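Written below as structure tokens is the structure these notes are about.
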4 protein chains.
Amino acid sequence: MIKTSLPKSRRALLLVDFINPLNFPEAAQLAGPALEAAASARELADAARAHQIPVIFANDNFGRWESDFKSMVKELGKGRSPTATMTRLIRPKSGDLAVLKPMHSAFYGTPLDILLSQIGARSLIIAGLATDICIQLTAADAFLRGLDVHAPEDCTAAETPDKKSRALAYMADILKCETRPWRKARWLKKE
Amino acid sequence: MIKTSLPKSRRALLLVDFINPLNFPEAAQLAGPALEAAASARELADAARAHQIPVIFANDNFGRWESDFKSMVKELGKGRSPTATMTRLIRPKSGDLAVLKPMHSAFYGTPLDILLSQIGARSLIIAGLATDICIQLTAADAFLRGLDVHAPEDCTAAETPDKKSRALAYMADILKCETRPWRKARWLKKE
Amino acid sequence: MIKTSLPKSRRALLLVDFINPLNFPEAAQLAGPALEAAASARELADAARAHQIPVIFANDNFGRWESDFKSMVKELGKGRSPTATMTRLIRPKSGDLAVLKPMHSAFYGTPLDILLSQIGARSLIIAGLATDICIQLTAADAFLRGLDVHAPEDCTAAETPDKKSRALAYMADILKCETRPWRKARWLKKE
Amino acid sequence: MIKTSLPKSRRALLLVDFINPLNFPEAAQLAGPALEAAASARELADAARAHQIPVIFANDNFGRWESDFKSMVKELGKGRSPTATMTRLIRPKSGDLAVLKPMHSAFYGTPLDILLSQIGARSLIIAGLATDICIQLTAADAFLRGLDVHAPEDCTAAETPDKKSRALAYMADILKCETRPWRKARWLKKE
């Protein structure tokens, strides 16, 4: 068994619930903006990899308690649905990390705290679905832990533009998140 | 994606670190007793499955943060090493559950609390490796949570008989665990 | 030392940050609505006590790590400031419980999970300050834990009516909270 | 209200359960060695204070959920019992910090993680009662968090010499604690 040695980085990228069956009632509304967000997040993730910033998939287990993210990715990547397109767009590359979350926040009931501490990350870039639920609740937990959060507005999606903009306003105002598009991130300018 | 619907049960079986590369310095001493414990634990797990008691693999990620237990099992099950023999003996069956742990206790940085609460389990049977480390530290966390623990002495192993017996004595005396062999378990008698 | 024996109840009332120095920049705006909310919450707490529903103060430690809630109440209750008035209105009565929180959510870094589990509470009434910060973040953590939450709109306050109404809408829509005034609570009707 | 500003220190001293009603069945056996340990721990605490090492009382709430450590200290310090003597010997001084714990480990259901992180402490000196229960379980949780632990053998006590020596051996062997008497601590030599 080859052991992954964890990278050290002040910053990490969290990709939340892009691997997603989109089988809940509101998913029809979410699919379009989700695909757009995933396309941006794919570029963001490639840039993060190029900058040696660890990419962490923090994905719902969707009620499957098998600790088997790879099979989820494989299964959901098949076919022509929005789910399949999004999965193929965003899927993990070699060296990426993954935690499976049982609830909405990526911190609750997961090893994310331990992983970030081992990496040395104090700053988190959060992308994913949906802005007002899993993204906002993950950002809230990051805020309680004193982490700096950047939740780029172009890498997240909600069911309606209004839900998205209210969530981003809350994250900016109360949770002290940056919400600028990902290409405005400070770490990009260090090139 | 087929969703696992969680069983309801007052009792759950935890299999700790039987899927194990055995590549640390003390592993040579551990391998023999570990295989014996795994053989007993396999019978225990089959009995638990027959009684509709959920079987939960609580396994170290051994530094691999990929949330990919299935590939670990597949990889470690190959060949003729003690690891491979033990893996083939104990490996998950359909309907079994799994959480990956980053540290020694199966509760620390894992969704085990949430999983046990959703199952409704208040009583835990703990089997695995090594008695004085991951088993004892998992039993300690179960004790703090007010769970009843049965750690059957024939389903666990340590590097030396002395380390094993001292750990079992501590678990019985301080952590209020039952340590009788698994065939003495009360739930078996309900047949 | 007289030991408090914990009551058993399916329901508990959480009073969040009413004991409050109100010494942050935005406090001037908050003081008026906070006093109104405290007056309602005082009636709510008296009704809860009459119904044998445990009253739990979940109060910020405001950077004092002395585990000394009683002295905080005594000190802040002196004088004629809004803080003093509010403190005298809402202060703990015999049999009330208290946890001190270091951050915004009443669950983060506190024994609240353990306390609610020992009480047997599955349903939480949350009152306090401020609606969009500590109340909403506490409600989010309650939601992740599968607790039912009632956050009565007349027992909470924010800096502006708009902040309050957006927070209540989020709690109702995403976190599945009831937000009706406290006199509409179902448990009251059981009299 | 005067706010405590937290000190910054790589090291912190934890005093566990010295404030103790000693009203459980085995307490008669524990009282003698406990007083001796408290006398040493008092000297250790004074040395820590002199070195600007934060002193943190991590004390059981003994079933009182009032977040009122000061009253506990006052109440238990009255009279001529071993409890009263020990309380007067070890009681908090100005600038000391306190967390109340509901269970055996000082980390479980307390803000200790957050407090240590705000202080910047990566190394913990643990003194208190009883070696094989609250001290060992606290040391185990510190070990899981990657903290260095020094549990000086002269500042801790158990019901019997045998229980104490087995606990110290476990902490040294498995939990990688130093157990030398406190006067051998490395930080003392920096004077």
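For region D:1-58, which whole percent of the accessible surface, found with a 1.4 angstrom probe, sits on carbon and sulfur atoms? Here it works out to 53 percent.
Note that region A:1-55 presents 46 Å² accessible area per residue, ligands and nucleic acids not counted, probe 1.4 Å. Ranked from shortest, the separations from the 7 Å Cα-to-Cβ label point of B:Thr160 to its equivalents in the other copies are 2.1, 6.9, 7.0 nm.
Accessible-area loss of 50 Å² or more (1.4 Å probe, protein heavy atoms, chain alone versus all protein chains) is found in region A:160-180 for A:Tyr170, A:Ile174. Here the ratio of the Cα radius of gyration of chain C to 2.2 N^0.38 Å is 0.94.
For region D:30-110, the list of chymotrypsin sites (Phe, Trp or Tyr not before Pro) that fall in a loop by DSSP and count at most 16 other C-beta atoms within 10 angstrom is empty.
In the elastic network of chain A, a GNM with C-alpha springs shorter than 10 Å, the most mobile of A:His51, A:His150, A:His104 is A:His51. Label separation (C:Arg180 vs B:Arg183): 6.0 nm, computed from points 7 Å beyond Cα along the C-beta direction. The other copies place their A:Ser71 label points at 1.4, 5.5, 5.7 nm from this one, listed shortest first, where each point is 7 Å from Cα along Cα→Cβ. Between region B:50-69 and region A:92-133, the alpha-carbon centres lie 19 Å apart. Treating each Cα of region C:84-191 as an identical point scatterer and summing with the Debye formula, the log10 of I(q)/I(0) at q = 0.14, 0.17 Å⁻¹ comes to -0.58, -0.88. Heavy-atom surface analysis with a 1.4 Å probe gives region A:61-191 a carbon and sulfur content of 51 percent of its accessible area. Take region D:91-191 with all the other protein chains still there, run a 1.4 Å probe, and you get 37 Å² of accessible area per residue.
For trypsin sites (Lys or Arg not before Pro), the sites in region C:156-191 that DSSP calls loop and that have at most 14 other Cβ atoms within 10 Å are C:Lys176. Of the Cα atoms belonging to the protein assembly as shown, the radius of gyration and Dmax stand at 26.3, 80 Å.
Between C:Arg122 and C:Ala39, the simple spin-label model (points 7 angstrom out along Cα→Cβ) gives 3.7 nm. Between D and C, buried accessible area from a 1.4 angstrom probe totals roughly 2800 Å², ignoring ligands, DNA and RNA.
In region D:38-66, burial by the other protein chains removes 50 Å² or more of 1.4 Å probe accessible surface, compared with the chain on its own, from D:Arg64, D:Trp65. Result for chain A in a Gaussian network model with C-alpha springs under 10 Å: among A:Ile133, A:Ile90, A:Ile174, the largest mean-square fluctuation is at A:Ile174. Helical content alone sets the calculated 222 nm signal of chain D at -11500 deg cm²/dmol, taking -39,500 (n - 2.57) per DSSP H segment of four or more residues and averaging over every residue. Of D:Asp148, D:Asp132, the order by accessible heavy-atom surface (1.4 Å probe, DNA, RNA and ligands excluded), from most exposed downward, is D:Asp148, D:Asp132. Short-range pairs are left out: with C-alpha atoms under 8 Å and at least six residues apart, the relative contact order of chain D is 27 percent.
Measuring spread by the Cα atoms of region C:1-109 yields a radius of gyration and Dmax of 14.0, 43 Å.
Note on region B:143-191: Kirkwood radius taken over Cα pairs, Stokes-Einstein applied at 20 °C and 1.002 mPa s, translational D equal to 185 µm² s⁻¹. For region B:91-115, a reduction of at least 40 Å² in accessible area between the chain on its own and the assembled protein chains (probe 1.4 Å) is found at B:Ala98, B:Met103, B:Tyr108, B:Gly109, B:Pro111, B:Ile114. Restriction of the trypsin sites (Lys or Arg not before Pro) in region D:1-97 to DSSP coil positions whose beta-carbon has at most 16 other beta-carbons within 10 angstrom yields D:Lys3, D:Lys8, D:Arg10, D:Lys78, D:Arg80, D:Lys93.
The values are calculated or read from the model by the stated rules, or taken from the named source; none is laboratory data. All figures in this text were calculated on a predicted structure; none of them were measured in a lab. In this analysis, Cβ positions are derived from the backbone assuming ideal geometry, glycine residues included, and neighbour counts consider all displayed protein chains. Surface accessibility is based on the protein's heavy atoms, side chains included, excluding ligands, DNA and RNA. Shrake-Rupley method; radii C 1.70, N 1.55, O 1.52, S 1.80 Å.
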